[in-house]
Amino acid sequence: MRKALRWLLALVVLVGTVSTAGAATAAQAGATGTDIKDRLLSIPGMSLIEEKPYTGYRYFVLNYTQPIDHRHPSKGTFQQRFTLLHKGVDRPTVFYTSGYNVSTNPSRSEPTRLVDGNQVSLEYRFFTPSRPAPADWSKLDIWQAASDQHRLFTALKQVYSQNWIATGGSKGGMTATYYERFYPRDMDGVVAYVAPDDVVNDEDSAYDRFFETVGTKECRDRLGAVQREALVRREPLEKKYAQYAADTHATFTTIGGLDRAYEAVVLDYVWGFWQYSLLKDCDTIPADARTATDQQIWDSVDTISGFSAYTDQGLETYTPYYYQAGTQMGAPTIHFPHIEKKLIRYGYQPPRNFVPRSIPMRFQPWAMRDVDTWVRHHARHMLFVYGQNDPWGSERFRLGHGARDSYVFTAPGMNHGANVAGLVPDQNALATARILDWAGVAPAAVRENPSAARPLARPDAKLDARDVEREPVLRP
């Protein structure tokens, strides 16, 4: 799963609220009257990196000491970074995970704005600087990561005693789901956005069916023609790529050469468009790829897929993700019926090709089957939100007869940025009402009539703005 994360690292990370002076004052101390920073730092293993001011909140960047191996805590520890947006100990808390690095700027996810609460944002283990040294990669798995969350939650619950909601987008949504599977008594609810569920890694026909019908035929044809033309013009465009690599000091050791990297970027092109663009954006794609210049083809592919994605430098940050994709989470494989076989040399490459060979990998096919089965039969207070035009929604979580007070909704016309706000009105109101109820802050009017549900926090133009920075594609 590759370039997807460009937007992803910040896909679901929204922010802030403008609060009254009274709320700002209340945020300074807990119910005991002790300053909240002192209460936090009294927790064993907690240390402060920095505090940043923000109106109406206290915002902290912290480290928490975690075992490298939760099954054998005596075998060493590492420092795991997280941030805390503190509203008040009398408010619910949202536990946000991106599944990657954590941003150290104040931010607020959609559920945090809905419930007007605190937000804990945890960096995923093995993403630097939250990586043990030396790194034993066998300790990077979904149970260990869920145990990180459980241990931090247990430590913070003594300060934040109100209800907790877990959330995240894409890999963060997967992370929130895995956490619920392994520690179902911790959270009062889960809101998982655009979370893939690759139950059987070798069965990916759902993706092929998606690309046959998504959007309009005109848009699909435009995208396919540019993708094919980039392979037809492989020789001149690879010369341009070689110059790009020389200019940026990029290397291709991990993937095995510039030619492999070039094809990987080109094959991400159609996927990347639908992941992060909307149907109206088809107008930005060259209308006639055959008459487009080399520069126009290059620019379109670079804008959507990113030629830096499969360089050693581009891959390095996401080694933990590719490791997990190749050991537990799975990765999609799709076909390209609009491109002659002779033009494709490698096809969709497996995650093993994006991780240094010095790191051993072995796939565990039971890991995702276990989570999928648990969600179908035991989901409680879980909401899954998908985008209609997002490729990652092709393999999604589904609910069975054992699920209780849980929902799977699809936002029409939306991509990998799908959220509750993008749902049709009835589903938007229901989802908002359930989140407020799970968080323990649903007004009486909402409990009587879900259509009355509204976000409890006022929007903030700065903190609720989406981060438009993209990360390289086929990463959820």
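The values are calculated or read from the model by the stated rules, or taken from the named source; none is laboratory data. As the structure is a prediction and not an experimental result, all values here were calculated from the model. Note that each Cβ is placed from the backbone with ideal geometry, even for glycine, and that neighbours are counted across all protein chains shown. Side chains are part of the model used for accessible areas, which takes the heavy atoms of the whole protein and leaves out ligands, DNA and RNA. Shrake-Rupley method; radii C 1.70, N 1.55, O 1.52, S 1.80 Å.
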Among (1) under 24 Å from residue 222 (Cβ atoms); (2) touching a helix residue (DSSP H, G or I) at 6+ places or on another chain (Cβ under 6 Å) - the single one residue 290 does not satisfy: (2)
Members of the stretch 202-234 that are farther than 19 Å from residue 395 by Cβ, in a helix (DSSP H, G or I) and either open to solvent by 30 Å² or more (accessible area, probe 1.4 Å) or of a type in the set (D, E, K, R) (or both): 217, 218, 220, 221, 222, 225, 228, 229, 232, 234
Residue 313 being part of a helix (DSSP H, G or I), within 19 Å of residue 396 (Cα to Cα) and not aliphatic (A, V, I, L, M): no
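Scan 113, 91, 151 and give me the residue that is open to solvent by 10 Å² or more (accessible area, probe 1.4 Å), in contact with a strand residue (DSSP E or B) (Cβ under 7 Å, 6 or more places away or on another chain) and either part of a helix (DSSP H, G or I) or closer than 28 Å to residue 315 by Cβ (or both).
It is 151.
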Residues (open to solvent by 10 Å² or more (accessible area, probe 1.4 Å) and closer than 13 Å to residue 87 by Cα) located in the stretch 116-128: 116
Residue identified as under 22 Å from residue 240 (Cβ atoms), open to solvent by less than 20 Å² (accessible area, probe 1.4 Å) and either at pLDDT 95 or above or not charged (D, E, K, R) (or both) among 292, 331: 292
Given (1) among the basic types (Lys, Arg); (2) part of a loop (DSSP other than H, G, I, E, B); (3) open to solvent by 10 Å² or more (accessible area, probe 1.4 Å); (4) in contact (Cβ under 8 Å) with a residue 60 or more places away in the chain, index of the condition residue 108 fails: (3)
Selection from the stretch 445-465 of residues that are part of a helix (DSSP H, G or I), within 19 Å of residue 188 (Cα to Cα) and open to solvent by 50 Å² or more (accessible area, probe 1.4 Å): 447, 450
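Results for (1) open to solvent by 20 Å² or more (accessible area, probe 1.4 Å); (2) part of a loop (DSSP other than H, G, I, E, B); (3) at pLDDT 95 or above, shown as yes or no for each residue.
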residue: 297; (1), (2), (3): no, no, yes
residue: 325; (1), (2), (3): no, no, yes
residue: 336; (1), (2), (3): yes, yes, yes
residue: 349; (1), (2), (3): no, yes, yes
residue: 356; (1), (2), (3): yes, yes, yes
residue: 370; (1), (2), (3): yes, no, yes
residue: 373; (1), (2), (3): yes, no, yes
residue: 386; (1), (2), (3): no, no, yes
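Where residues in the stretch 388-414 are among the small types (Gly, Ala, Ser) and outside any helix (DSSP H, G or I), which of them is nearest to residue 202 (Cα to Cα)?
400
Hey, could you check the stretch 415-429 for residues that are in a helix (DSSP H, G or I) and under 30 Å from residue 369 (Cβ atoms) and say which is nearest to the chain's Cα centre (by Cα)?
Filtering first and then ranking leaves 420.
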Complete set of residues in the stretch 432-444 that are open to solvent by less than 20 Å² (accessible area, probe 1.4 Å), touching a residue at least 60 places away in the same chain (Cβ under 8 Å) and not in a loop (DSSP other than H, G, I, E, B): 432, 435, 436, 438
Qualifying residue in the stretch 248-270 (condition: in contact with a Phe, Trp or Tyr (Cβ under 8 Å, 6 or more places away or on another chain), farther than 30 Å from residue 358 by Cβ and hydrophobic (A, V, I, L, M, F, W, C)): yes
Residue that is at pLDDT 95 or above and over 17 Å from residue 93 (Cβ atoms), where the choices are 20, 65: 65
Residue in the stretch 399-418 that is open to solvent by 40 Å² or more (accessible area, probe 1.4 Å), hydrophobic (A, V, I, L, M, F, W, C), under 30 Å from residue 309 (Cβ atoms) and modelled with pLDDT of 95 or more present: yes
Selection from the stretch 138-148 of residues that are buried (at least 20 other Cβ atoms within 10 Å of the Cβ) and assigned to a helix (DSSP H, G or I): 139, 142, 145, 146, 147, 148
Subset of the stretch 246-265 (residues that are open to solvent by 10 Å² or more (accessible area, probe 1.4 Å) and small (Gly, Ala, Ser)): 246, 250, 256, 257
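Assigned to a loop (DSSP other than H, G, I, E, B) and farther than 24 Å from residue 436 by Cβ: which single residue out of 160, 100 fits that description?
100
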